[in-house]
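Below you'll find the structure, written out as structure tokens, and then a few comments.
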Amino acid sequence: MLTPLIVQAQPAPRTLSDCPYCHIEGGREICAVPRTVSCTKCGLYYLVPRMTREEQIAYLAPLAQKISLKDHGIPTGRIQVCRWEIALIERIWPHLLKGASVLDVGAASGYFTFALTQAGSRATGLEPIPALVEYGRQFGLDLHCGRFEWEELPDVVREQRFDLICLRECISCFPDLKGTFKLIQTLLVPGGRLYIKMHQARSYYYLTCSDYTSRYGSYSGSMPTRDSLIHILKNEGFVLPFVSYYPFSDLISDMGWPRFGRSLPGRVMNKLAQPLLNVLGRNDRLVVLAAKE
């Protein structure tokens, strides 16, 4: 699995103080530095103040120029890291991927797009970083450059309707989560499905470091918890046939001991810790499958 990208926070003006989904102010404080609150209505975690859309774009632009293609590897050679996710989708929704139209949001160089294609779907990847799109296209993948916003979608994506939309570790990037779900509703066919994989804000990782910019930087639009995501999905009219955690989380490495985490005792501890973390709601990577009613 991929090691999470650690982005050093850079100074940038941040002016928004409302919930990215409910758009109300006055959340319950979770952390003082950087100030992080939980929305009193939906429970979503977010920074106060947080970046506007325009500030977020300006912040990410120089980081995109530093992307190393070597770190992403050959997209058609990484299907093994997607096998559990593809098998899960096929188990919960048998035969869905055969011939389905699928949108992979935040596709990077397209390795999950490729895995979806290999499973029999007509997969399209959307990625805002041009270098990653061009790289993935070299391997014959259907990737397109754009942000997950109606006006920023390429025509080939805007004109389609999808049986399944995949948001893998990108839901925290959207500056207006209410607008994101409005777009999801627009792009999904009636009865369409949604697959979300994310780092959840009540995990052991954030409990230990208590810095909600440490993983993605200060541009995060929101940091959903398990409960807040369930609340939002139900509010948007989705039913949830599967809500659980990715079974290969690396507790030891995330706690700051990667060398020990790779050892046999470390791997055993990781394995034994997973059930307890799941029960406590503290596991790091949440996996949710949702269907429109």
Whichever residue in segment 219-255 is in contact with a Leu (Cβ under 7 Å, 6 or more places away or on another chain) and among the hydroxyl-bearing types (S, T, Y) and, among such residues, is nearest to V81 (Cα to Cα): Y245
Enumeration of residues in segment 225-252 that are touching a residue at least 60 places away in the same chain (Cβ under 8 Å) and polar (S, T, N, Q): T225, S228, N235
Any chance S101 is out of contact with any Cys (no Cβ under 9 Å at 6 or more places or on another chain), small (G, A, S) and at pLDDT below 95: no
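Let's see how each residue does on (1) assigned to a loop (DSSP other than H, G, I, E, B); (2) on the phi < 0 side of the Ramachandran plot:
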position	(1), (2)
H23	yes, no
G26	yes, no
C42	yes, yes
Q56	no, yes
L60	no, yes
L63	no, yes
K66	yes, yes
Matching entry among C145, C82 (being in contact (Cβ under 8 Å) with a residue 12 or more places away in the chain and closer than 23 Å to L240 by Cβ): C82
Helices (runs of 4 or more DSSP H) enclosed by segment 69-183 - at least 2 residues per element that are among the acidic types (D, E) and more than 26 Å from I57 (Cβ to Cβ): 83-92
Evaluation of R78 against (1) surrounded by fewer than 21 Cβ atoms within 10 Å (Cβ to Cβ); (2) under 18 Å from the mean Cα position of the chain (by Cα); (3) modelled with pLDDT under 95 (one fails), failing number: (2)
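The values are calculated or read from the model by the stated rules, or taken from the named source; none is laboratory data. Since we're looking at a predicted model, the values are computed, not measured. Cβ coordinates were reconstructed from backbone atoms using ideal geometry, including for glycine residues, and neighbour counts include every protein chain displayed.
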